[in-house]
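Data block below; observations after.
The values are calculated or read from the model by the stated rules, or taken from the named source; none is laboratory data. The structure presented is a predicted model; accordingly, all values stated were derived computationally and were not measured. Every residue, glycine as well, gets a Cβ built from its backbone with ideal geometry; the counts of neighbours run over all protein chains shown. Just so you know, the surface numbers come from the protein's heavy atoms only, side chains and all, with ligands and any DNA or RNA stripped out. Shrake-Rupley method; radii C 1.70, N 1.55, O 1.52, S 1.80 Å.
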Amino acid sequence: DPIESAKRKAAFRAVEEHFNSSMRFVGIGSGSTIVYGVEAIAAHLKAHPPPQPYQNWFVPTGWNSRKVIEAAGLLPIAFDSLPGDAMLEVCFDGADEVDEELNCIKGGGACLFQEKLVACRSKKFVCIADYRKDQKRLCTKWKTVPIEVAPIAHASVLRELKLIGSPDAALREHALAKTGPIQTDQSFYIIDAPFKQLLTSMDDGVWDVDSLAKRIKSINGVLEVGLFHGMNGYQTQKAGLQGGQKPV
Ligand code: DER
């Protein structure tokens, strides 16, 4: 399958470039691509054993991510169990879409809150994304911005999203065999808000990534928005697409 092999190639390339056995804390994102990333990390540790036992700890970004870490025989450590000021050396994660400035839409897997929490605690954020995700602008192929909201506030968030240019924003309900909205690992809801293509810098009347991320985050009831942008102070690197561009 050409897509699966592209995902695997990008994952092994990302790990080869950005992981080493002496790393103590490493963030692991969610979705299907990161499974190959964890496979690559486990293979790397087998070939290059760490300097001492229990050297490497992996911070999951939700239920799915923890299962992937455990299935590979790696040691998970919960985000809230990290030593006080410890930073993660690197975080590996997927994305739903990546633009030419390495901004990402994330949240297709409804894990965006913990993904951003872990990404912002990491010295480097490595996005593993196959060619389908690589677009000039966000909201090109992946049309919606995922937003995690407190259930009680979902109707008022929907109302405000309509006012800022997303009249078709809607609760995510397409979980298998479950009627009603899906719930995240925080028992919150996800709203998917369609927007026109996002610019990378301000322009009259058209949203850019940074301004829209800040505007949505400011709506009462929003826990997190699935737009990852330099404003979080972490470097993003795109591995396996254009051969590991320089960090932004
Ligand atoms: O939810 C997310 O942001 C995930 O990283 C996810 O959307 C990427 O999923 P994929 O690796 O299965 O495409």
Exercise for the section: Looking only at the range 138-149, decide whether some residue is in contact with a Ser or Thr (Cβ under 8 Å, 6 or more places away or on another chain) and either outside any strand (DSSP E or B) or surrounded by fewer than 16 Cβ atoms within 10 Å (Cβ to Cβ) (or both). Expected result: no
Problem - Cβ pairs under 8 Å, 6+ apart, first in the range 110-124 and closer than 13 Å to Asp185 by Cβ, second of a type in the set (Val, Ile, Thr) and away from the ligand (no atom under 14 Å from the Cβ) - result: Val118/Val59
Practice task
Please give the number of the condition Gly109 fails out of (1) open to solvent by less than 10 Å² (accessible area, probe 1.4 Å); (2) within 11 Å of the ligand (Cβ to nearest atom); (3) closer than 26 Å to Thr140 by Cβ.
Solution key: (1)
Practice task
Could you list, in sequence order, all residues of the range 1-40 that are over 19 Å from Met87 (Cα atoms) and among the hydrophobic types (A, V, I, L, M, F, W, C)?
Solution key: Ile3, Ala6, Ala10, Ala11, Phe12, Ala14, Ile34, Val35, Val38, Ala40
Fill in the blank from the handout: In the range 106-158, anything of a type in the set (Gly, Ala, Ser) and closer than 29 Å to Arg24 by Cβ is listed as Gly107, Gly109, Ala110, Ala119, Ser122, Ala129
Exercise for the section: Please determine, by comparing only the residues of the range 29-72 that are among the charged types (D, E, K, R) and more than 16 Å from the ligand (Cβ to nearest atom), which one is surrounded by the fewest Cβ atoms within 10 Å (Cβ to Cβ). Expected result: Lys46
Practice task
Report, by residue number, each residue of the range 139-172 that is in contact with a helix residue (DSSP H, G or I) (Cβ under 6 Å, 6 or more places away or on another chain) and within 18 Å of Asp99 (Cα to Cα).
Solution key: Pro146
Handout entry: Any chance Lys46 is touching a residue at least 24 places away in the same chain (Cβ under 8 Å) and among the charged types (D, E, K, R)
Key = no
Problem - Number of the condition not met by Phe25 [criteria: (1) in contact (Cβ under 8 Å) with a residue 60 or more places away in the chain; (2) within 14 Å of the ligand (Cβ to nearest atom); (3) in contact with an Asp or Glu (Cβ under 7 Å, 6 or more places away or on another chain)] - result: (2)
Completion exercise
Of Val68, Val59, the only residue that is under 29 Å from Asp192 (Cβ atoms), part of a strand (DSSP E or B) and modelled with pLDDT of 95 or more is Val59
Practice task
From the list Leu82, Leu102, Leu117, pick out the single residue that is more than 13 Å from the chain's Cα centre (by Cα) and farther than 17 Å from Ala193 by Cα.
Solution key: Leu82
Problem - Residues (open to solvent by 10 Å² or more (accessible area, probe 1.4 Å) and within 13 Å of the ligand (Cβ to nearest atom)) located in the range 118-137 - result: Tyr131, Arg132, Lys133, Asp134
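Given Ile191, Ile152, which one is out of contact with any strand residue (DSSP E or B) (no Cβ under 9 Å at 6 or more places or on another chain) and either open to solvent by 30 Å² or more (accessible area, probe 1.4 Å) or part of a strand (DSSP E or B) (or both)?
On the way: Ile191 fails: out of contact with any strand residue (DSSP E or B) (no Cβ under 9 Å at 6 or more places or on another chain).
After applying the criteria, what remains is Ile152.
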